[in-house]
Structures are given as C-alpha cells and as structure tokens.
Amino acid sequence: MKSTRSLLPLLLAVLAPLASGAAPAAAPADLSRVMPFTDEFTVMAARLDLGTIDAAAWASAVLDLLPEQRQTMAEPVQQAQQAVQPWLEEFRKAGGHVVYLVISLSDLGPEAPAFAVVPLADNSDPARLAALLRQTGIHANLNTTVQQGCLVAAIEPVLERIRALKPADLGHLESAFAAARPGVLQAALLPYQDAGRIIEELMPALPSMLGGGSSSTLTRGLQWATLSIQQPPEWSVELAIRSTTAADAKALHQWLVRVWTAWGSIDEIKSHLPRWDELGAALEPAVDGDTLRIRLDRTQIGELVRTIMLPVLQESKNKAAQAMILNKPTP
C-alpha cells in the first residue's frame, strides 16, 4: 500500500488549480450525455455528483457552522445523516453516480418544470435507480424512461415532450460548465435566448426599485451564470456571472449595488433584515474581466452565518413568538 507521503505530490497536483483560481479546461464529460435532452427553452442544468457526496462530512460542517446550537442540533442533523447515507449507498450500488436536474420553460405548468437525467453505466440498474428517485419526492407522479443511455425521470407530459425532442445547439451551456469550478454541485443558469430582446423592447428603462437605468445593462450583462459548491471539510461556494464584455460586467456590478441599496430602503426589509447593508457588503461580487464573482470559503461562510444570518433569524423568531403571545385570545 502506498504511504500517505507518496500520495502527497498527487494530491497537491489535484488541488493546485483550485488554489490558484484556475478554471477547468472543459465541461464534465457526462454533460454530453445530457445535451440531447435540452432545448432552446432550457434555462438551468445542475449537476450533482452523488458518487462523491460524504453525508458525514456535511453533517459535521453544519454543526461547525453553528457551534452555539451544536447541542440542540446534533440529534436532528444525525437523523438526517442516517437517512441520507443509506440512500446514497443504494444509489451507488445501483450504478448511479451523477444526477442532472434540468429546467426548461417548455414544461411550465401546474407542476414544477424540472426533470432528472441519470447517465447510465454498463452495471447500472435502471429499475432500482428509478425506485430510489421516486423516494426523493421530486414529483408526486414521477415516471421514468431509458433513452439514449440515460434514465430520465419526470412527470408523463414532460417525458412525452422529451421522447419527441429535437435537441438545441446550446454551446453556451457547455461554456458555462467549462468555466465553473469543479464541485459536488455545479449549476448553470441560462437566460432564454430571446429574453434580452423582449426585455429591451417591453421595458427599455428599468424602474427605480430595479436599479433604474437602461435594461440593456441587465440583458447584456448576464450571458450566463454558474454556481459551484465544493464538499467539506475544505468547502466553498462560488457564483460567477459572465457578461458580454468587461465594460458590461462593470455596468452590471454597479446595477447590482443600486438594486441592493434600493431594496434596503423598503420598510419591511429594514424591519426584518436590519443588517441588510452588512449582508450586501459580504456578498458584493468582484469584477474579474467580463465576469462577476462571489466566492466564499469555509471561514467566510461561517462568519456570514454566525454574525449576520443567525441574529436576523433569531430576531425574526422572537418577533413571531411575541406576535403569537399578543394575538393569543384571552380566556
């Protein structure tokens, strides 16, 4: 067996691109398996790597984020871990590793417009994988089909559309995934291709509560966005928004600041989120050429949750409790 010391150079080689901020050179290989299920109205695709998820690591990370609540949260977190871990193990035994969640505006209706795609391997058990997906409760009436080497899970009207689908050329989806950091979760959000033209025609100027100015700031500033989450213990979250040009990225940044400021003037927000400005400062994106980036490492996530979010949630909880007492009918 190789010693830990002999594996260190390999480990450093794998982690070096992440530490330096380098982006991966290509989209995930299994994305090509999912492309036949996308159309011109696809607005989101998220890749969840169930093959590498460590439920125990996530449980520990949650408790580390909330040290003051560790004693009260330990039991529910442990129960969640005990429920998730066996499901993950069964999913892997059935030959499942990656699940894509795809949303298309073609499926707008009373049900959530989302479906799941699981690329199958030679040893995969589609029937077992289908049963496990139904256990998640994605849809109450979830059906499945095997198509082009993938298990597709959705409600029947969506499956009917997919069976007759002519895939669209979504090169920007591949570009978005190629630019996203590796992670246990990678998601790409894509504006509808004609959305920019429609917005500029119907609303050339944005209202003040949406930052004001020309709507082209938004339509040209948002080509696509990616979200990536790395797994604990050294975990982080990154949101990247790609603009048409570096000038468009700067304009979008200024617009986002104006929107945040405008929303902070709303009485209800000031009442329920008194630390709105601090939250905005923590989440303000950095301009990196034609891309805006928000990246939070483990320490920053912990500080954000403990110093800003928890006090806000606790205050809201206290106000709700006081309201219940005041509204309680007298005997």
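Of everything in region 51-100 that's in a loop (DSSP other than H, G, I, E, B) and touching a Lys or Arg at 6+ places or on another chain (Cβ under 7 Å), which residue is surrounded by the most Cβ atoms within 10 Å (Cβ to Cβ)? If we take residues in region 51-100 being in a loop (DSSP other than H, G, I, E, B) and touching a Lys or Arg at 6+ places or on another chain (Cβ under 7 Å), then 94 is surrounded by the most Cβ atoms within 10 Å (Cβ to Cβ). Looking at region 148-205, which of its residues are of a type in the set (Val, Ile, Thr) and at pLDDT below 90? Answer for region 148-205, where residues must be of a type in the set (Val, Ile, Thr) and at pLDDT below 90: 198, 199. Here residue 58 clears all of (1) within 27 Å of residue 225 (Cα to Cα); (2) outside the structural domain of residue 119 (by TED's automatic domain parsing); (3) free of Cβ contacts under 8 Å to residues at least 40 places away in the same chain except the condition numbered (3).
Checking each residue in region 212-253 for being aliphatic (A, V, I, L, M) and over 17 Å from the mean Cα position of the chain (by Cα) picks out 218, 246, 247, 249, 251, 252.
Mind checking which residues of region 163-179 are of a type in the set (A, V, I, L, M) and under 16 Å from residue 43 (Cβ atoms)?
Across region 163-179, the qualifying residues are 165, 168, 170, 173, 176.
Checking each residue in region 169-197 for being more than 29 Å from residue 58 (Cβ to Cβ), surrounded by 15 or more Cβ atoms within 10 Å (Cβ to Cβ) and either touching a Ser or Thr at 6+ places or on another chain (Cβ under 6 Å) or among the basic types (Lys, Arg) (or both) picks out 170, 196.
Does region 231-286 hold any residues that are under 20 Å from residue 307 (Cα atoms) and of a type in the set (Lys, Arg), and which are they? Within region 231-286, 270, 275 qualify. Comparison of 94, 74 shows that the only residue that is at pLDDT below 90 and small (Gly, Ala, Ser) is 74.
Which of the helices (runs of 4 or more DSSP H) found entirely inside region 272-331 contain at least 3 residues meeting this: among the charged types (D, E, K, R) and at pLDDT below 85? Walk me through it before giving the result.
On the way: elements: 276-283, 298-304, 310-327.
The helices (runs of 4 or more DSSP H) meeting that bar are 310-327.
Being closer than 30 Å to residue 267 by Cα, within 24 Å of the chain's Cα centre (by Cα) and either surrounded by fewer than 18 Cβ atoms within 10 Å (Cβ to Cβ) or polar (S, T, N, Q) (or both): is that true of residue 105 here?
Details: closer than 30 Å to residue 267 by Cα: no; within 24 Å of the chain's Cα centre (by Cα): yes; either surrounded by fewer than 18 Cβ atoms within 10 Å (Cβ to Cβ) or polar (S, T, N, Q) (or both): yes.
Judged against the criteria, residue 105 is not a match.
Residue under question is residue 90, and the condition is that it be without any contact (Cβ under 8 Å) to a residue 60 or more places away in the chain, closer than 30 Å to residue 236 by Cβ, in contact with a helix residue (DSSP H, G or I) (Cβ under 8 Å, 6 or more places away or on another chain) and not assigned by TED's automatic domain parsing to the domain that holds residue 293; does it hold? Give the derivation first.
Working: without any contact (Cβ under 8 Å) to a residue 60 or more places away in the chain: yes; closer than 30 Å to residue 236 by Cβ: yes; in contact with a helix residue (DSSP H, G or I) (Cβ under 8 Å, 6 or more places away or on another chain): yes; not assigned by TED's automatic domain parsing to the domain that holds residue 293: yes.
In short, yes.
Considering only residues in region 215-244 that are of a type in the set (Gly, Ala, Ser) and in a helix (DSSP H, G or I), the one that is nearest to residue 50 (Cα to Cα) turns out to be 221. Kindly check whether there is at least one residue in region 258-268 that is closer than 28 Å to residue 183 by Cβ and surrounded by 14 or more Cβ atoms within 10 Å (Cβ to Cβ). Yes, region 258-268 contains at least one residue that is closer than 28 Å to residue 183 by Cβ and surrounded by 14 or more Cβ atoms within 10 Å (Cβ to Cβ). Among residues of region 40-50 being part of a loop (DSSP other than H, G, I, E, B) and in contact with a strand residue (DSSP E or B) (Cβ under 7 Å, 6 or more places away or on another chain), the one that is modelled with the lowest pLDDT is 41. Out of all the residues in region 138-159, is one or more loosely packed, with under 15 Cβ neighbours inside 10 Å and closer than 24 Å to residue 83 by Cβ? The answer is yes; a qualifying residue exists.
Quick check on this structure: which one of 158, 152 is within 30 Å of residue 192 (Cβ to Cβ), outside any helix (DSSP H, G or I) and among the aliphatic types (A, V, I, L, M)? It would help to see each step written out before you state the result.
On the way: 158 fails: outside any helix (DSSP H, G or I).
The conditions single out 152.
The values are calculated or read from the model by the stated rules, or taken from the named source; none is laboratory data. Quick caveat: nothing in here was measured; it's all calculated off a predicted structure. Neighbour counts run over all protein chains shown; Cβ positions are idealised from the backbone, glycine included.
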